[in-house]
Structure formats: structure tokens, C-alpha cells
1. Based on the alpha-carbon gyration tensor of the chain and its eigenvalue square roots a ≥ b ≥ c, which shape applies: rounded if a/c is under 1.5, prolate if not and a/b is larger than b/c, or oblate?
2. For a quick protection proxy, order the peptides 1-14, 123-136 by their average other-Cβ count within 10 Å, most packed first.
3. Report the charge-dipole magnitude of the chain in Debye, nearest 20, computed about the Cα centre from +1 at each Lys and Arg Cβ and -1 at each Asp and Glu Cβ.
4. Count the lysine pairs in segment 3-129 that are 8 or more places apart or on different chains: how many have C-alpha atoms under 20 angstrom apart?
5. Over the chain, calculate the relative contact order: mean separation of alpha carbon pairs under 8 Å at least 6 apart, over the residue count, as a percent.
6. Roughly what % antiparallel, to the nearest 5, for the DSSP beta bridges in segment 3-129?
7. Calculate the translational D of segment 1-85 in whole µm² s⁻¹ from Stokes-Einstein, where the hydrodynamic radius comes from the Kirkwood formula applied to all Cα pairs, the temperature is 10 °C and the viscosity 1.306 mPa s.
8. Between segment 32-58 and segment 109-140, how far is it from one alpha carbon centroid to the other, in angstrom?
Amino acid sequence: MKVMLIGRTGCGKTTLAQILNDEVIEYRKTQMILYEGEIIDTPGEYLENRNYYRALSVASGDVDIIFMLQSAEDKESLYPPNFTEMFHGKTIYGIITKTDLNSNIERASKFLKYSGVEKIYAINSSEKANIKEIRKLLKISHSE
Ligand SMILES: Nc1nc2c(ncn2[C@@H]2O[C@H](COP(=O)(O)OP(=O)(O)O)[C@@H](O)[C@H]2O)c(=O)[nH]1
Ligand SMILES: [Mg+2]
């Protein structure tokens, strides 16, 4: 299963990609679309600037699943209403990140629903419990 990660800068896309790929977690700014195994990590700028929507749409061409990430810390969302329509035919999941911080999962959930997401999971990088659910979605088999 190929998956594409979308979300504003700092929401945790690269961290999630690293966890799913079992890499050492280290901060690294994503400047371009990165293909790491089955995971496509996209720069936050692609969501922040509408001129890049086309690039996201093209990059989604050969993925099976799209994860739209929303940090539970963020008080605003960059996803426009019904953003998911841009990816019609794809399986889309909302992923709420940073649930370990002073955060508001309900607010993040509302943002994602507003943008058209129906199925939502909440995770954070230090507690791996819910990451298992994400792995199941991707059918990545792991020893953990
Ligand atoms: N506390 C906490 N920090 C996180 C979490 N996920 C990511 N971060 C941190 O948030 C920062 C940005 O993460 P990154 O994955 O680079 O975001 P990206 O810009 O969406 O790729 C980094 O310092 C990460 O360590 C999380 O679940 N909890
Ligand atoms: Mg990144």
C-alpha cells in the first residue's frame, strides 16, 4: 500500500513517516516530495500555498491511501472545505497528531471533518499504541 502524507509544516508528517519506516526519529525539514519506501512525504508548503495543489494531486496519482494530518495543537486548519474532493477515488484517513501535548483532539477532528474526512485516528510520536492501528491500515507487517 502506498500512502501520501499531507499537512502543514510541523504537524508531524516526517516523524510519522520515520516511525512507519522504523527510522531513527530526528528533525529534518522536508523541502520536496520525498518517496521513502511506500510512503510519500510532502512539504507543508504544498498545503499552505494553493498553487501547489496541482502538485499534490499529481503526486497522489499512484497512491492507495492519503493521510491528512492535523496537529491537535493547532488552533487553525489550512484545509479548505471539502479538500478531499480533490482526491476523489482515493481512500482518505484523517490523522490527528501530537495528542501528547496541550492539545484539543475534538477541535482537530472538526477541522478534518469540515475538509471532508470521514475516518479519523489520533496518534502521537511517543506512545505507539495507536500507531499499530495506522500500521494495520497500511498492512505493513512489523515485529513490534
Ligand atoms: N510532542 C510531540 N512532538 C511531535 C509529535 N510529532 C512530531 N513532533 C515534533 O514536531 C516537530 C515537527 O515534526 P515533523 O515530523 O518534522 O513535521 P512535518 O513538517 O509535518 O514533517 C518535530 O520537532 C517533531 O519532533 C508528537 O506526536 N508529539
Ligand atoms: Mg517534513
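1. On the way: a/c = 1.34, a/b = 1.11, b/c = 1.21.
Verdict is rounded for the chain.
2. Working: 1-14: 21.8, 123-136: 14.6.
So the order, starting with the most tightly packed, is 1-14, 123-136.
3. Details: 19 positive and 20 negative charges, 63 e Å.
My answer is approximately 300 debye.
4. Lysine pairs satisfying the spacing and distance rule in segment 3-129 number 20.
5. Working: 255 pairs, mean separation 34.1, N = 144.
Over the chain, the number comes to 24 percent.
6. On the way: 3 of 21 bridges.
Here the antiparallel bridges make up roughly 15 percent for segment 3-129.
7. 121 µm²/s
8. Using only Cα atoms to place each centre, the spacing works out to 19 Å.
Where a number appears in this text, it was derived from the coordinates with a stated rule and is not lab data. What you are looking at is a predicted structure, and each value in this text was computed from that prediction instead of being measured. Cβ coordinates were reconstructed from backbone atoms using ideal geometry, including for glycine residues, and neighbour counts include every protein chain displayed.
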